[in-house]
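Notes follow the structure.
The values are calculated or read from the model by the stated rules, or taken from the named source; none is laboratory data. Computed from a predicted model, the values in this text were never measured in an experiment. Glycine gets a Cβ as well: all are built from the backbone with ideal geometry, and neighbour counts include every protein chain shown.
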Amino acid sequence: MAVKRKPLVAGNWKMNGLPGSVRELKAMLAGLSKDAEKGLGPACEVWVCPPATLLATFAPLVRGSAIHLGGQDCHPKASGAHTGDLSAEMLKEAGAHAVIVGHSERRQDHCETDAVVKAKVEASRRAGLVAIVCVGETEAQRDSGLTQKIVETQLQGSLPEGAKGTDTVIAYEPVWAIGTGRTPTPADVVAVHAAIRARLVERFGPEGEKIRVLYGGSVKPSNAAELLTLEGVDGALVGGASLIAKDFLEIARVYKTKPKGKVKS
Ligand code: PGA
């Protein structure tokens, strides 16, 4: 029997957000509770990953609500002489439920290898956070027909043994689709998600069926209904559009209606 995975829409605010951004968070909370009053309660989980400086401010506001918070990165160690870094334990203490690791911007800007990402996933598990592990090919790799090979290599190297549906989420984010307004074709998304699922099941057995696989890269209200209902897509990691409550809610609301028109690979 097919395993049911609860869809997840996670917002990655990146290096955006000052205390005034609490307005957007409040608007998201208000929108979600209005939906709930109408009996429409979110049919997906909604996570917001603001800059770490806002976690402690946001934490009391989301307590008991439909929103969970996440960090955007963590150091592999729990504490120590690592100037400027934050540990998974610190994020947890500040109110995080999850943490994004191995985002392509970190892989590029901070030369993070799969081994480093794996150590961060282990740290997030140690701290009791859910790791959102990002993988995805560059445009040159895609043009050379290497998409699946790259994604499978990243997946193999970035995930420690024993990954479970409760501690791990994968985000497939083609690097060339991030912040560009461009997206892969539905058939391409379905094919990569199917390859990811196959590798997860091969390595983690039945738990591999429970790990959610999100799509990320230029998800916005106008394309969310198509992308988020594709076969094998369990939700989205949303960058730019997650900064605006109205847009982010519109994306999450895709899961209010029954997905139709699934694309088969
Ligand atoms: P984008 O970013 O939605 O702005 O393309 C996605 C991401 O980087 O997670």
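Of everything in region 159-168, what is hydrophobic (A, V, I, L, M, F, W, C) and farther than 12 Å from Gly102 by Cα? Give them in sequence order. Passing the criteria: only Ala163. Within region 216-252, restricting attention to residues that are more than 19 Å from Val190 (Cβ to Cβ) and acidic (Asp, Glu), the residue that is farthest from the ligand (Cβ to nearest atom) is Glu250. It is to be established whether one or more residues within region 100-118 are β-branched (Val, Ile, Thr), in contact (Cβ under 8 Å) with a residue 40 or more places away in the chain and surrounded by fewer than 20 Cβ atoms within 10 Å (Cβ to Cβ). Scanning region 100-118 turns up at least one residue that is β-branched (Val, Ile, Thr), in contact (Cβ under 8 Å) with a residue 40 or more places away in the chain and surrounded by fewer than 20 Cβ atoms within 10 Å (Cβ to Cβ).
When the criteria are applied in full, Ala88 meets the requirement of being in contact with a helix residue (DSSP H, G or I) (Cβ under 6 Å, 6 or more places away or on another chain), crowded, with 20+ Cβ neighbours inside 10 Å and hydrophobic (A, V, I, L, M, F, W, C). Kindly indicate whether Gly145 is modelled with pLDDT of 95 or more, within 14 Å of the ligand (Cβ to nearest atom) and exposed (fewer than 15 other Cβ atoms within 10 Å of the Cβ). Answer is no for this residue. Of all positions in region 91-98, at least one carries a residue that is outside any loop (DSSP other than H, G, I, E, B) and surrounded by 22 or more Cβ atoms within 10 Å (Cβ to Cβ). Please verify whether Ser124 is without any contact (Cβ under 8 Å) to a residue 12 or more places away in the chain and more than 14 Å from the ligand (Cβ to nearest atom), treating the condition exactly as stated. No, not satisfied. Of all the criteria given as (1) more than 16 Å from the ligand (Cβ to nearest atom); (2) more than 23 Å from Tyr255 (Cβ to Cβ); (3) in contact with a His (Cβ under 9 Å, 6 or more places away or on another chain), the one not satisfied by Glu112 is (1).
One residue stands out among those in region 164-208 that are in contact with an Asp or Glu (Cβ under 7 Å, 6 or more places away or on another chain) and outside any helix (DSSP H, G or I): the one that is surrounded by the most Cβ atoms within 10 Å (Cβ to Cβ), which is Pro174.
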